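Since the structure comes first, as structure tokens, the remarks are kept for the end.
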Amino acid sequence: MVEFIATTQWFFLGYFIALQLGYLILNLLSLGVLRAYMENTSVDRLSQVFSGLEPPVSIVVAAYNEAANIVGSVRSLLQLNYPEFEVVICNDGSKDDTLELLKREFQLVEYPETRMAAIGTRPVRAYYRSKTRPNLRVIDKENGGRADGLNASINISQYPLVCAIDADSILQRDSLYLVVQPFVTDPHVVAAGGTIRVANGCQVRDGFLVGIGLPRNLVALFQIVEYLRAFLFGRVGWNRMNALLIISGAFGVFRRDVVTAAGGYHPTTLGEDMELTVRLHRQLRAKGKPYRITFVPDPVCWTEVPQDLRTLGRQRARWHRGLSESLWWNRELFTSGRGGTAGWIAYPYAVIFEWFAPILELAGYVFMLIAWWFGVISPVAFLAFLLAAIGMGMLVSVTALLLEEMSFHLYPRLRQFWTLLAVAVIENFGFRQLNTIWRLQGLLQWVFRRKAVWGEQKRSGAWQKSG
Amino acid sequence: MALGAGVLTILLILQIIVLRELRAARERRSQRFLQRWRPLVYDAMSGSTIEWPAIARRDTETWLWFWNQLQETVRGEAKATLTHVAAQIGVDRMALRRLASRSVSRRLLAIVTLGNMRDPKYWDLVVPLAQDPHAPISLAAAQALIRINGQRAVRELMPLFAQRADWPVTRALALLEQVDAAVVTKAIEKALPKADDAASLRLIEFVGAGDPVALQPVMVQRLRHSRDPQMWADVLRHLNDPTHLNLVRQSCGHKVWYVRVQAANALGRMGAPEDVALLLRMLGDDQWWVRYRAAEALLKLPFLQKDELYARASEAGPAALAVLDQVAAREAA
């Protein structure tokens, strides 16, 4: 028994150390990539010249009960600074006035669509074109979920690139230009994402970000540090190896032909963004075609995050359930033996350090606590475990702050720095553990096939009213 | 391990604080510098004679950014005045020092500066940089050479434009569009017959920066030696000379759908009455985009009345009428 406990304690300690070491390795990779990126693009801010050959983009949005925001969102999309693009909104069976507001504001008229749907969706009721905005179209269809709505929009998109965004995403005027650059420089790129930042506490005018600030809400503050970790080194690091397993649903650009050939977004998963990305890796690796799924470190999209624990918990459980589905359904990426870096490195990493992480982390804490309580392990050993688990977590969060400082430096005021530093420390005493519990809930929901529920995020929508 | 993590965390925090302090000090210094120099430069641009103060070495970065940003915003005589100011202050010396830097961003700023000086004496210094294997450096050098002498740059660098696959087509085209279209046309005319398929594809992308009408003969000639469907599609995209109608008509039956799309587009631009039947057949193509563009082309033909079109299209079936309706609805919106 004692031997078992001794071995097990080393297992859990080893797991926590390996987890944090993995983050640190990604950090180191990201350091080099970010530095080179900032150097290479340093003079680009002197002038932004469009040649007219920039690939045209179809921006696709699925809207469900977005009456509060939809008009403002569409107006701001139509003002993006990009040579040629269209906006295709899918009203996904909204029960509120989303469609009526769009009809009124943009003078929509019905038109006949003859194109056969390449991706199956719930039935479409009508297609609309705007009399005042030639590059705006709207689909009205039966409710089928976000993925289904995006697929319907993709079906009628006329441009070679599709940009999928959330209805409440806040873009910058040059967001499209920045995230399209990988497609311009490398013909093998099939998908690209950008950094998503937290909009809470920021100032927005006419749907565009005009000032960056920190929220007062602690839950939102925790998520700022989280997002920095996830995007500034998580994605940048994996991108270096062409092993990025997710292009965020809040803002991502794909080659339309590739997405259509892959079957579009999966309509029943809760993590349609990750599932599509992993599936693209699996299918393209299987075909042996050269490709890249890449990432632009620039902050291109801002999103409002939950400010209460209940909503956040539901979101995190949903995300983990989506992760579970994505990894399980596409396990061939690992098992086929042809997965490359995505299959051999990123996939097992995701399985061990993300998918099963809630079980291992929670079990680790509980096991060590019980073992210490019953005197099986010494207080020193228990403290060492806690310091390793929590201390390294702090190190990783502070490293993310360093990367932010070295790259985009979006929080220049000293007070902002101390706030983020305090949050980077405090989040390790309860918030990250709470996250673990929520993710475990998501995992159990997936295991026991509980019916998926999106729930409603309490949106302040404050950004829509400013300016 | 835990202790190590703790020490490392503290070191990182200190590093962040130091970085922030350094950045803040740099920005304060930069603001003070600009507060002093902006009025001087604006006075010089409005004709005053200025006794220029010396620029401290650590302010040269700020000065170079400021000067280059102004160069991007002013036009005409103001540009020439700015260049004169730069010569008086010794901007070229600052740039030349940075050219040898190991930092990519410093070298890029140096190259941009030399380009904005527009002085032929820097030509030989910048030309080798256009061959640099690092794309951002070589592109910046190409831009600088175009600013120094656009005509000479296009003549001498067109082979690079054709061969450098790491130069994004959009960026390369944006450079070529800064030069007189006649110069670009001549350079493409000279390069295209000798180029391989990959280089030819790039050169055809650049036709928009030249004179597409004048370049049609050389493009069509090049096409006769290629089976590359992408090249066929790209050449068709530029054709509007009815002497090439036979080539367009042949392409309407090409096995690759995007070639047929461009063929339909071309017929919409220059089709003759006898091409209506061909376009009506394309309304039944198995590729939706071919049908859509054929419908667009038919509705564009100036000699074909809508009633006549619909009467003839009805013989092609309801699918043909449906796609015509869709295009017509879009035009009406």
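Quick one: pull the percent of accessible area on the stretch A:166-282 belonging to carbon and sulfur, 1.4 Å probe, ligands and nucleic acids left out.
Percent of accessible area from carbon and sulfur atoms in the stretch A:166-282: 49.
Nearest 10 degrees, 0 to 90: what angle lies between the long axis of helix A:272-287 and the longest principal axis of chain A (Cα atoms)?
90
In whole Hz, with x marking every Gly and Pro, tabulate ³J(HN,Hα) for the stretch A:244-249 from phi via Karplus 6.51 cos²θ - 1.76 cosθ + 1.60, θ = phi - 60°.
Each residue's phi maps through the Karplus curve to give 6, 9, 8, 10, 4, x Hz.
Local charge sum around A:Val184 (other residues, Cβ-Cβ under 15 Å, Lys/Arg +1, Asp/Glu -1)?
Here the count lands on -3.
Using a 1.4 angstrom probe and counting only protein chains, how large is the accessible area of A:Val33 in Å², to 10?
Looks like 30 Å² after rounding.
Using a 1.4 angstrom probe and counting only protein chains, how large is the accessible area of B:His238 in Å², to 10?
Spelled out: B:His238, probe radius 1.4 Å, area about 30 Å².
Only bridges whose two residues both fall in chain A count here: according to DSSP, what percent of them are antiparallel, nearest 5?
Numbers: 21 of 49 bridges.
Within chain A, antiparallel bridges account for around 45 percent of the total.
Find, to one decimal place in angstroms, the Kirkwood hydrodynamic radius of the stretch B:241-333, where the mean of 1/r is taken over every pair of different Cα atoms and then inverted.
For the stretch B:241-333, the Kirkwood estimate is 12.9 Å.
Which residues, if any, in the stretch B:168-209 have at least 30 Å² less accessible area in the whole protein complex than in the isolated chain, probe 1.4 Å?
Listed in order, they are B:Pro168, B:Thr170, B:Arg171, B:Leu173, B:Ala174.
If A:Glu226, A:Glu3 are ordered by their accessible area, calculated over protein heavy atoms with a 1.4 Å probe, which sequence runs from highest to lowest?
Listed by decreasing accessible area, they come as A:Glu3, A:Glu226.
Is chain A best put as rounded, prolate or oblate by its Cα gyration tensor, with a ≥ b ≥ c the root eigenvalues, rounded for a/c under 1.5, and otherwise prolate when a/b is larger than b/c, oblate when not?
Verdict is prolate for chain A.
Tell me what chain B gives for mean residue ellipticity at 222 nm when only DSSP H runs of n ≥ 4 count, each as -39,500 (n - 2.57), the sum divided by the residue total, rounded to 500 deg cm²/dmol. Each step should come with its number before you reach the end.
Values: 19 runs with 241 residues, N = 333.
When only DSSP H runs of four or more count, the value is -23000 deg cm²/dmol.
Cα axis of helix B:229-238 to longest principal axis of chain B: angle in degrees, 0 to 90, nearest 10?
90
Taking both sides together, what accessible area is buried at the A/B interface, probe 1.4 Å, expressed in Å² and rounded to the nearest 100? Don't skip to the end; give the middle numbers.
Numbers: alone 20810 and 18050 Å², together 34810 Å².
Summed over both sides, the interface buries about 4100 Å².
How do A:His409, A:His188, A:His266 rank by accessible surface area computed with a 1.4 Å probe, from largest to smallest?
Of A:His409, A:His188, A:His266, the descending order of accessible area is A:His188, A:His266, A:His409.
When we measure straight from the Cα of B:Lys190, which aspartates and glutamates land under 12 angstrom away, once same-chain ones fewer than 8 places off are left out?
B:Glu156
Find me the longest stretch of chain B that has none of the exposed trypsin sites (Lys or Arg not before Pro), where exposed means in a DSSP loop (not H, G, I, E or B) with at most 14 other Cβ atoms within 10 Å.
It runs B:103-223.
Given Cα pairs under 8 Å that are at least 6 residues apart, what percent is the relative contact order of chain B?
Here the relative contact order equals 7 percent.
Determine the percent antiparallel among the DSSP beta bridges restricted to the protein assembly as shown, to the nearest 5.
That works out to approximately 45 percent antiparallel.
Leaving ligands, DNA and RNA out of it, rank A:Leu29, A:Leu414, B:Leu175 by accessible area with a 1.4 Å probe, largest first.
In descending accessible area the options line up as A:Leu414, A:Leu29, B:Leu175.
With a 1.4 Å probe and all protein chains left in place, how much accessible area per residue does the stretch B:136-190 have, in Å²?
38
Residues of the stretch A:382-404 losing 50 Å² or more of accessible surface, assembly versus chain alone, probe 1.4 Å, please list them.
Residues shielded by partner chains are A:Leu395, A:Val398, A:Leu402.
Report B:Ser48's accessible area, 1.4 Å probe, all protein chains in place, as a number in Å² to the nearest 10.
60
Normalise the Cα radius of gyration of the protein assembly as shown by 2.2 N^0.38 Å (N = residues in it) and let me know the number.
Numbers: Rg = 29.5 Å, N = 800, 2.2 N^0.38 = 27.9 Å.
Cα Rg divided by the expected 2.2 N^0.38 Å: 1.06.
Please determine, in degrees from 0 to 90 and to the nearest 10, the orientation of helix B:135-148 with respect to the longest principal axis defined by the Cα atoms of chain B, where the helix direction is its Cα long axis.
The two axes meet at around 90 degrees.
If each DSSP helix of 4+ residues adds -39,500 (n - 2.57) and the sum is divided by the residues in chain A, what number results at 222 nm, nearest 500 deg cm²/dmol?
-14500 deg cm²/dmol
Quick one: check the C-alpha center-to-center distance for the stretch B:254-333 versus the stretch A:20-46, whole angstrom.
50
Show which lysines lie in cross-link reach of A:Lys141 when reach means a straight Cα distance below 19 angstrom and same-chain residues fewer than eight apart are skipped.
Correct list for A:Lys141: A:Lys95, A:Lys103.
Counting other Cβ atoms within 10 Å, which chymotrypsin sites (Phe, Trp or Tyr not before Pro) in the stretch B:153-236 have at most 11 and lie in a DSSP loop?
Of the chymotrypsin sites (Phe, Trp or Tyr not before Pro), not one in the loops of the stretch B:153-236 has a Cβ with at most 11 other Cβ atoms within 10 Å.
Take every Cα pair under 8 Å in chain A that's 6+ residues apart, average their separations, divide by the length, and report that relative contact order as a whole percent.
Relative contact order of chain A: 19 percent.
The values are calculated or read from the model by the stated rules, or taken from the named source; none is laboratory data. Just so we're clear, the structure is a prediction, and the values are computed from it rather than from any experiment. In this analysis, Cβ positions are derived from the backbone assuming ideal geometry, glycine residues included, and neighbour counts consider all displayed protein chains. Only protein heavy atoms, including side chains, enter the accessible area calculation; ligands, DNA and RNA are left aside. Shrake-Rupley method; radii C 1.70, N 1.55, O 1.52, S 1.80 Å.
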